[in-house]
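The values are calculated or read from the model by the stated rules, or taken from the named source; none is laboratory data. All values derive from a computational prediction rather than experimental measurement. Quick reminder, even Gly has a Cβ in these numbers, built from the backbone with ideal geometry, and neighbours come from all protein chains shown. For accessibility, only protein heavy atoms count, side chains too; no ligands or nucleic acids. Shrake-Rupley method; radii C 1.70, N 1.55, O 1.52, S 1.80 Å.
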Amino acid sequence: MQITSEIAEIKASDLLLLPGVGTFPVAMQSLKKKNLSGFLVDWVNEGRPLLGICLGMQILANSSLEISYHTGLSFIGGNVIPLSPENDFHIGWNQISIKEANSFLSEFDGLDFYFNHSFAFEENIDSTVAVTKYTRSFPSIVKHGQVIGLQFHPEKSQIVGKDFFSKIVREMVNGL
């Protein structure tokens, strides 16, 4: 694993990971400032794997209402909206429900993962793999082609998170 924003180094990667800390507008502004938005579009158009975690998942969307309206990368159709009118935070452990019994992630159905967010994708988008219930149901895993987004933090989810992360990275690198 390597942490970099250098395009030449990123091109040699098997999988890109968009991490998830911060706000939607600042993340999008940072990608544009580092000239990574166009590179990411090319990466996805080539069918190469991209994994977004928490905020990294949210910027895969068409847009977000965080702070104000902002456009995203539009890799996964849908919009990011507040979890509740009060803009409640969802911090802590919660269960994911895998939508398809034959999903390659079905072994994680009903297990708890660690969440820390106050915005999420709209509830009913076509790309939803798993949902979680909080103040409303929201997609906790989305997928379109080789692009996957996770609203939770597998890296903070103890042993189940380690097992999940190992499985999803292996599957994505081997071509889902």
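For (1) touching a helix residue (DSSP H, G or I) at 6+ places or on another chain (Cβ under 8 Å); (2) touching a residue at least 60 places away in the same chain (Cβ under 8 Å); (3) closer than 17 Å to Ser64 by Cβ, each residue gets a yes or a no:
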{"site": "Gln95", "(1), (2), (3)": "no, no, no"}
{"site": "Lys99", "(1), (2), (3)": "no, no, no"}
{"site": "Glu123", "(1), (2), (3)": "no, no, yes"}
{"site": "Lys133", "(1), (2), (3)": "no, no, no"}
{"site": "Ile141", "(1), (2), (3)": "no, no, no"}
{"site": "Val147", "(1), (2), (3)": "yes, yes, yes"}
{"site": "Gly161", "(1), (2), (3)": "yes, no, no"}
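Considering each residue of the stretch 74-100, count those that are buried (at least 22 other Cβ atoms within 10 Å of the Cβ) and part of a loop (DSSP other than H, G, I, E, B), and give that number. Show your work before the answer.
Taking the stretch 74-100 first, the residues buried (at least 22 other Cβ atoms within 10 Å of the Cβ) are 75-76, 78, 80, 96.
In the following step, the residues that additionally are part of a loop (DSSP other than H, G, I, E, B) were identified as 75-76, 78, 96.
Here the count works out to 4.
Sort through Phe89, Phe24 and tell me the only one that's touching a strand residue (DSSP E or B) at 6+ places or on another chain (Cβ under 6 Å), among the aromatic types (Phe, Trp, Tyr) and closer than 26 Å to Asp112 by Cβ. Step through it out loud before you land on a result.
Values: Phe89 fails: touching a strand residue (DSSP E or B) at 6+ places or on another chain (Cβ under 6 Å).
Selected residue: Phe24, the only one of Phe89, Phe24 that is touching a strand residue (DSSP E or B) at 6+ places or on another chain (Cβ under 6 Å), among the aromatic types (Phe, Trp, Tyr) and closer than 26 Å to Asp112 by Cβ.
Between Phe138, Phe115, which is touching a Cys at 6+ places or on another chain (Cβ under 9 Å), aromatic (Phe, Trp, Tyr) and in a strand (DSSP E or B)? Steps first, answer last, please.
On the way: Phe138 fails: touching a Cys at 6+ places or on another chain (Cβ under 9 Å).
When all the criteria are applied, what remains is Phe115.
So Phe164 clears everything in (1) crowded, with 19+ Cβ neighbours inside 10 Å; (2) within 24 Å of Trp43 (Cβ to Cβ); (3) out of contact with any Pro (no Cβ under 6 Å at 6 or more places or on another chain) except one condition, right? Which one?
It is condition (3) that Phe164 fails.
Can you confirm whether the stretch 150-161 contains a residue that is in a strand (DSSP E or B), surrounded by 15 or more Cβ atoms within 10 Å (Cβ to Cβ) and not basic (Lys, Arg)? It would help to see each step written out before you state the result.
Going residue by residue through the stretch 150-161, those that are in a strand (DSSP E or B) are 150, 153.
Still in the running and surrounded by 15 or more Cβ atoms within 10 Å (Cβ to Cβ): 150, 153.
With the extra rule that they be not basic (Lys, Arg), the set shrinks to 150, 153.
Yes, the stretch 150-161 has at least one match.
Just need a number here: residues in the stretch 101-110 that are crowded, with 19+ Cβ neighbours inside 10 Å and in contact with a Leu (Cβ under 9 Å, 6 or more places away or on another chain).
0
Could you say whether any residue in the stretch 143-159 is over 18 Å from Gly52 (Cα atoms) and out of contact with any Phe, Trp or Tyr (no Cβ under 6 Å at 6 or more places or on another chain)? If you could, list the steps in order and put the result at the bottom.
Residues of the stretch 143-159 over 18 Å from Gly52 (Cα atoms): 158-159.
From what is left, the residues that are out of contact with any Phe, Trp or Tyr (no Cβ under 6 Å at 6 or more places or on another chain) are 158-159.
For the stretch 143-159, residues over 18 Å from Gly52 (Cα atoms) and out of contact with any Phe, Trp or Tyr (no Cβ under 6 Å at 6 or more places or on another chain): present.
Hey, Leu18 hits all of (1) surrounded by 18 or more Cβ atoms within 10 Å (Cβ to Cβ); (2) modelled with pLDDT of 95 or more but one; which does it fall short on?
Exception for Leu18: condition (2).
If a residue must be open to solvent by 20 Å² or more (accessible area, probe 1.4 Å) and more than 15 Å from Phe104 (Cα to Cα), how many such residues does the stretch 128-149 contain? Can you show your working first?
First pass over the stretch 128-149, keeping only residues open to solvent by 20 Å² or more (accessible area, probe 1.4 Å): 129, 131, 133-137, 143-146.
Next, only the ones that are more than 15 Å from Phe104 (Cα to Cα) stay: 131, 133-137.
Here the count works out to 6.
What pairs can you find where one residue is in the stretch 15-30 and of a type in the set (Val, Ile, Thr), the other is in a loop (DSSP other than H, G, I, E, B), and their Cβ atoms are less than 6 Å apart, with a gap of 6+ or different chains?
Thr23/Glu66
Return the residues of the stretch 59-73 that are of a type outside the set (Gly, Ala, Ser), in a strand (DSSP E or B) and open to solvent by less than 30 Å² (accessible area, probe 1.4 Å); say none if nothing qualifies.
Within the stretch 59-73, the first condition is being of a type outside the set (Gly, Ala, Ser), and the residues that meet it are 59-60, 62, 65-67, 69-71, 73.
From what is left, the residues that are in a strand (DSSP E or B) are 70-71.
Of everything in the stretch 59-73, nothing turns out to be of a type outside the set (Gly, Ala, Ser), in a strand (DSSP E or B) and open to solvent by less than 30 Å² (accessible area, probe 1.4 Å).
How many of the residues in the stretch 21-44 are open to solvent by 70 Å² or more (accessible area, probe 1.4 Å) and touching a helix residue (DSSP H, G or I) at 6+ places or on another chain (Cβ under 8 Å)?
Start the filter on the stretch 21-44 by keeping residues that are open to solvent by 70 Å² or more (accessible area, probe 1.4 Å), which leaves 21, 26, 29, 32-35, 42.
Then keep just the ones that are touching a helix residue (DSSP H, G or I) at 6+ places or on another chain (Cβ under 8 Å); that gives 21, 35.
Final tally of qualifying residues: 2.
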